[in-house]
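Structure first, commentary second.
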Amino acid sequence: MAQLNITLNQEEILQLLSSNREDAFRKLLQNSLNSILQAESTEQLKAKKYERSEDRTDSRNGTRERQLITRLGKIELIVPRHRDVPFKSLIFDNFKRSEAALVASMAEMVIAGVSTRKVSKVVETLCGTAYSKSMVSEVCKDLDAMVNEFRNRPLTNAYPFVLIDATYFKVRYEHRIVSKAFMVAYATNNEGKREVIGFDLFDNESNNTWFMFIESLRKRGLHGVRVITSDAHPGILYAIKKVFPEVAWQRCQTHFSRNILEKTPAKYQKGLHTELLEMYNAKDITEARKIRDRIIGDYSDVAPAAMECLDAGFESAMTVMVLPDRLRVYHRTSNHIERLNRELKRRSKVIGVFPNDASVIRIMGSVLMEVHEAFASAKGGGYPRKQLEAINDYIPQLREIAEEQLKLLAA
């Protein structure tokens, strides 16, 4: 890689900060990106400006100006030109798709006449320019193609661990504002890397919609699944046992604790929560069952409904106890996908109400593509291959758990 040097004029920056901070940050971003462009040019040519080198592959041929629209406003970039082989830059290709998606959908609302004056001002603030209807259409068309390609891609890896969840977004539908379920599937592949493997929008969470979502994953090639982690929504349980009856279900322990504590008087909640954590962190299922029995004995008189909930859901919340410690801790909750959902919510706040279903898929799909690419490019992380391969030793136990769960669901 070429060395990157970013030169900042201290006096100029201080002057800008004292008068207009937006201009200062825009100037910083502009200088930084122009330095990156120069570094990319040097790397492609294998030579710095005016440098004589046997490794040089081409010659510089001046520059051209190009505008880039960011949340800080419009910035001017000086793009290098090469004599024989065209200059290529990752800046324009990889500049956040979600930024373009956000702009496109907000502009779409303005054009459709379904937004407020405030949203129109936000568009101007974020973009520093107006968007025509034709420009929005082109942006949407490009984004939709990329998002749909990502959303419908074949799932060729095996995915031993899958997490699924749903969050809700407000969407304008037939002159009304309705809340729709955005379902997401997030998985660990057989190399220990995390991936976003699917997402879709439905009118609600039901047996049918969850079945449609999970079945769509199977049709795209989802296989090698050993454990699916989620909350205890009946639609999820129905779909898992219809599509992947041989796969064990892990009830999210965070949701399980929440369900128990909601049925517990406030003055006992803190103590009970501590004891539930002790139960989850037990060294094996035998010790966990002893702690469960002790908790039920201690709290039955003061929180009978909570103890009924604990007793009924204990086994499904402890599926991961058959796994090695590291795999157990990581896959016993759906917290990872919940954090992802919070990020989706954060991105959606500036919009408020989406103009249509396509807008939800476009924006949230773009965000999920960014997350997926961040996982793919991350160095390290994941699990050692040997640890993942060790799960094969536990397949008989996991299938036995799946069979028991299937019987309970049918009862």
Check: What Rg and what Dmax come out for segment 190-269 when only alpha-carbon atoms are used, in angstroms?
Finding: 15.2, 49
Margin query: From the Cα trace of segment 247-366, what convex hull volume per residue do you get, rounded to a whole Å³?
Written below: 151 Å³
Next item on the list: Mind listing the long-range amide H neighbours of residue 250? Cut-off is under 5 Å, sequence gap 5 or more, other chains count too, H placed in the peptide plane at 1.01 Å from N.
Entry: 228, 229, 230
Next item on the list: Could you go through segment 298-304 in sequence order and give the Karplus-derived ³J(HN,Hα) for each residue, using 6.51 cos²θ - 1.76 cosθ + 1.60 with θ = phi - 60°, rounded to whole Hz, and x for Gly and Pro?
Entry: 6, 10, 4, 6, 9, 9, x
Check: What ³J(HN,Hα) values, in whole Hz, does the Karplus curve 6.51 cos²θ - 1.76 cosθ + 1.60 give for segment 210-222 when θ = phi - 60°, with x put for Gly and Pro?
Finding: 5, 5, 4, 5, 5, 5, 5, 5, 5, 5, 7, x, 4
Next item on the list: Would you mind computing, in nm to one decimal, how far apart the modelled labels at residue 349 and residue 193 are, each placed 7 Å from Cα along Cα→Cβ?
Entry: 3.2 nm
Check: Given the Cα-Cα distance of residue 254 and residue 146 and 0.36 nm per residue of separation, how much length would full extension add, in nm?
Finding: 35.4 nm
Check: According to a simple spin-label model (label point 7 Å from Cα along Cα-to-Cβ), what is the distance in nm between residue 389 and residue 66?
Finding: 4.5 nm
Margin query: Give me, ordered by chain and number, the residues 5 or more places off residue 169 or on other chains with an amide H under 5 Å from its own placed amide H.
Written below: 180, 182
Next item on the list: Give, in nm to one decimal, the length gained when the segment between residue 153 and residue 342 is fully stretched (0.36 nm per residue of separation minus the Cα-Cα distance).
Entry: 65.6 nm
Next item on the list: Work out how much length residue 170 to residue 212 would gain on full extension: take 0.36 nm times their residue separation and subtract the Cα-Cα distance, in nm to one decimal.
Entry: 13.0 nm
Note to self: I'd like to compare 177-183, 266-272: which one has the highest average count of other Cβ atoms within 10 Å, and what's the full order after that?
What the structure shows: 177-183, 266-272
Item checked: Mean Cβ neighbour count within 10 Å, used as a protection proxy, ranking 337-349, 213-225, 229-241 highest first -> 229-241, 213-225, 337-349
Notebook entry, point to check: Could you state the principal axis extents of the C-alpha atoms in segment 159-212, from the largest down, to the nearest angstrom?
Noted result: 47, 20, 11
Next item on the list: List every residue whose amide H lies under 5 Å from the amide H of residue 263, counting only residues 5 or more places away in sequence or on a different chain, with H placed 1.01 Å from N in the peptide plane.
Entry: none
Check: Packing-wise, with mean Cβ within 10 Å as the measure, how do 57-66, 359-368 rank, highest first?
Finding: 359-368, 57-66
Check: Given that compact globular proteins tend to follow 2.2 N^0.38 Å, what is the ratio of the alpha-carbon Rg of segment 161-410 to that value?
Finding: 1.06
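Each value in this text was obtained by applying a stated rule to the coordinates, not by laboratory testing. Small disclaimer: the values here were computed from a predicted structure and weren't measured. For neighbour counting, all protein chains shown are included, and Cβ atoms are generated from backbone atoms with ideal geometry for every residue, glycine included.
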